[in-house]
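Everything on this sheet refers to the single structure shown next.
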Amino acid sequence: MNPSGRTSVFGAVHFGYVIIETRRFADWRRFGADAIGMHHEDLDTGLMRFRLDDQECRFLLRRGPAEDVVATGWHIDDHATFEQIEARVRAHGVPVREGTAEEAALRGVERFLRFPGPKGITQEIYTTPVASAEPLRMLASGFVTGDSGMGHIAITSRRPTEIRGYFNTVFDARLTDYIDETISGFKLKVRFLRVNERHHSLAVVGVRGLPIDPIRTRVQHLNIQAATLDDVARSYQRVFELGFEMAQSIGQHTNDKELSYYARTPSGFEWEVGWNPIVIDENTWQPSHHQGISIWGHTPVGQTILHRLDQFRLGARSLARPEDTVPALSGAGIPDD
């Protein structure tokens, strides 16, 4: 049970897939398959998928103007928990829709439900992923998924406590820790939320002190976990050799100890490839504060004042898109610990 007296779904939820809308299919094919090293599959001229493991789809790319993440999928362990989450969402008056059989097939799942999520990112839940019989064709030796899910997603928000409230309401997400960071004179707090043993499946960067959200896209970055340190190093080299922009050099984070780098995707948000983050022991873990994102490294690559000005120019577009936190599921938000 959690403090509200309801049965918790924590531990039965796993970050499962991402849907990206883009027109830059050729660039994404080179980025995902040739640079990062994932398994690539063209479905037709307007649809493309990447795999990390035996699940048919981990990233679904569809043709469209957003150049952004438009939906995230969450693997739920069993039908009882699936129905429990559905009931929670419906009880708050939030509409829930069932995907069509064709949509489910594209995602590599038997069936799924969708409902509104923060920042306009649709949230989808499913219970049964479809395993592919096709052997993986990847430059990487492998990626870590399984019980921890496939990695994490990071977003910026002017209303971070409401984002935390949303994921607590829907998935019983727990606070792992905070990081305080100062960027260009602005003090930011990053909240790391977990739904299972993975250190975090969601990172929320509070930007309330900034005049605008500096990130044009709904997501700041996506993360996948490489199986070996060699996989990280080799993909880092391929990103450079293929001419993709490197956002941050290799470094190690203060809180989850993951060693990683950040590349710029063809759609503009960042893509983190990491290795060996700590795994949370629920019996002993206590949330804590850390000062600074990294122990070492993670320095901006090729950043000049013009790059920074351009970033804020692009970020200004976020002013035209009000930030929706889905108030019915966010409650009053959760105060900072």
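The values are calculated or read from the model by the stated rules, or taken from the named source; none is laboratory data. None of the values given here were measured: they were computed from a predicted structure. FYI the Cβ positions are ideal-geometry reconstructions off the backbone, even for glycines, and counts take in every protein chain you see.
Exactly one residue out of A101, A140 is free of Cβ contacts under 8 Å to residues at least 24 places away in the same chain, outside the structural domain of S201 (by TED's automatic domain parsing) and not acidic (D, E): that is A101.
In this structure, T182 qualifies as among the hydroxyl-bearing types (S, T, Y) and surrounded by fewer than 21 Cβ atoms within 10 Å (Cβ to Cβ). Scanning region 135-151 for residues being in contact with a Gly (Cβ under 9 Å, 6 or more places away or on another chain) and either at pLDDT 95 or above or of a type outside the set (D, E) (or both) gives a total of 11.
In region 1-120, counting only strands (runs of 3 or more DSSP E) that sit wholly within it, the ones holding 2 or more residues that are of a type in the set (D, E) span 39-44. The set of residues in region 288-302 being assigned to a strand (DSSP E or B) and surrounded by fewer than 13 Cβ atoms within 10 Å (Cβ to Cβ) consists of H289, Q291, W296.
Please go through region 156-184 and give me each residue that is of a type outside the set (S, T, Y), assigned to a strand (DSSP E or B) and modelled with pLDDT of 95 or more, ordered by number. Once the filter is applied, which keeps residues that are of a type outside the set (S, T, Y), assigned to a strand (DSSP E or B) and modelled with pLDDT of 95 or more, region 156-184 yields R174, L175, D177, I179.
R90 fulfils the conditions (1) touching a residue at least 12 places away in the same chain (Cβ under 8 Å); (2) within 30 Å of V190 (Cα to Cα) except for a single criterion, (1).
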